[in-house]
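The values are calculated or read from the model by the stated rules, or taken from the named source; none is laboratory data. Here the structure is a predicted model, which means the values were calculated and not measured. For neighbour counting, all protein chains shown are included, and Cβ atoms are generated from backbone atoms with ideal geometry for every residue, glycine included.
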Amino acid sequence: MNAVHAELVLRQGDFRLDVAFDIPAGSVLAILGPNGSGKSTVLGCLAGLLSPDRGSIVVDGRALTDVHRRVLVPPEARKVGLLAQDPLLFPHLSVLDNVAFAPRSLGASRAVARERAVRWLSEVDAEDLAGRRPAQLSGGQAQRVAVARALAGDPGLLLLDEPLAALDVDAAPAIRGLLRRVLRSPGAAPAAVLVTHDPLDALSLADQVVVLAEGRIVEQGATRDVLSAPRTPFTARIAGVNLVGGIATAGGLRTEGGEVISGLPADDVVVGEPAVAVFAPAAVAVYPAGAAVTGSPRNAAKATVATVAPHGDLVRLHTGGDGQWAAGLTADLTPAAVAELALEPGSEVRLVVKTTMVRVHPVRSAG
């Protein structure tokens, strides 16, 4: 089993990466973050394509990179597997020989490499494709073969770079389930790093998550904990929830504009310290601008509709403007409610969120 430790400092022009993380043996770390946050730079360092200015990468006690000791193992000698959006199969080779290429490149005999390729094609339910060429495969089939090839080299670390992003809606769930199965194989799965923009991929595949912003880790922890209680606007957007920042109060949060949002504080909230209020789009009720708020404790604010667009069987409303806490929020409504309220961009509305639907969490920087 292979545990991973990485400490990376790298400057590229005005961009500076400064991260450190551990991946326990057999577990998966998801890296999330907006474009330009450093995700690809981290993968480049792990793969040996980039050399950090300072730091080290150690897999199962073996140093792949150690700047102080001038160690930089070349990519082909790292035993690091890669699964990207594009399967990157050799078009002139059969499926069997594509998978056998990994162990062959590490010195295995032709017979041993083919035996290993057959085993991994069976593991990914693709043994019947062994004699085909890549041009004869569907997108989902090609990605199955790519999974087998990535694992046939017995990597100590597996890099998953948006592996489902290029698949259609029918193929993606099957490959996601396949990855979940092979990455959970007792005693056989390598440690893995997953870069994705899809929270379902992170929830399905990753044990831990780090969120990058401008080259630094701004959130870190168990996947479900991070995505259910996001501390940054980016993580809130990717998790599909609303997030409002401010300072924690005894019963909620005071925004930068002085508005008060009532909610249920987490156990680790400290009054007077930075915090965020988090609530789902489904928790936001939308009323005409002049509607009064009555009943159980609620948060209410006026807002202007920015966009209205289909979202599955519902309609997702986005508010615009700035200054008030209701600006930049999302709400999910039925088509009937949208029609009844005659909602369109520019409409003035009143948003209402019950106190019991709001969770307040401290803001943490985990980097």
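Looking at (1) under 27 Å from HIS5 (Cβ atoms); (2) charged (D, E, K, R); (3) modelled with pLDDT under 95, which is the only condition ASP66 fails?
Among (1) under 27 Å from HIS5 (Cβ atoms); (2) charged (D, E, K, R); (3) modelled with pLDDT under 95, the lone unmet condition for ASP66 is (3).
Going through region 327-367 one residue at a time, which ones are farther than 30 Å from ALA266 by Cα and exposed (fewer than 14 other Cβ atoms within 10 Å of the Cβ)?
Scanning region 327-367 gives THR334, PRO335, ALA336, ALA339, GLU340, ALA342, GLU344, PRO345, GLY346, GLU348.
Pairs, please: C-beta under 6 Å, at least 6 apart or cross-chain, first residue more than 10 Å from LEU151 (Cβ to Cβ) and in region 110-123, second basic (Lys, Arg)?
Short answer, once both residue conditions are applied: ALA113/ARG104.
Can you say whether VAL353 is in the same structural domain as LEU264 (by TED's automatic domain parsing) and under 23 Å from ILE247 (Cβ atoms), as far as the supplied structure shows?
Yes: the conditions hold for VAL353.
Among VAL226, VAL145, VAL169, which is touching a residue at least 40 places away in the same chain (Cβ under 8 Å) and either among the β-branched types (Val, Ile, Thr) or at positive phi (or both)?
VAL145
Being farther than 23 Å from GLY38 by Cβ and either in contact with a Gly (Cβ under 9 Å, 6 or more places away or on another chain) or touching a residue at least 12 places away in the same chain (Cβ under 8 Å) (or both) is true for just one of LEU179, LEU164. Which residue is that?
It is LEU179.
What strands (runs of 3 or more DSSP E) lie completely within region 1-98 and have 1 or more residues being closer than 25 Å to PRO199 by Cβ?
Those strands (runs of 3 or more DSSP E) span 4-12, 15-23, 28-32, 80-83.
I'm trying to understand the selection: among the residues of region 270-287, which are in a loop (DSSP other than H, G, I, E, B) and hydrophobic (A, V, I, L, M, F, W, C)?
Those that are in a loop (DSSP other than H, G, I, E, B) and hydrophobic (A, V, I, L, M, F, W, C): VAL270, VAL271, ALA280.
Looking for something surrounded by 21 or more Cβ atoms within 10 Å (Cβ to Cβ), within 29 Å of LEU343 (Cα to Cα) and in contact with a strand residue (DSSP E or B) (Cβ under 7 Å, 6 or more places away or on another chain) - is there at least one such residue anywhere in region 264-275?
No - not one qualifying residue is present in region 264-275.
Could you say whether any residue in region 304-324 is among the charged types (D, E, K, R) and in contact with a Lys or Arg (Cβ under 9 Å, 6 or more places away or on another chain)?
No, that holds for no residue.
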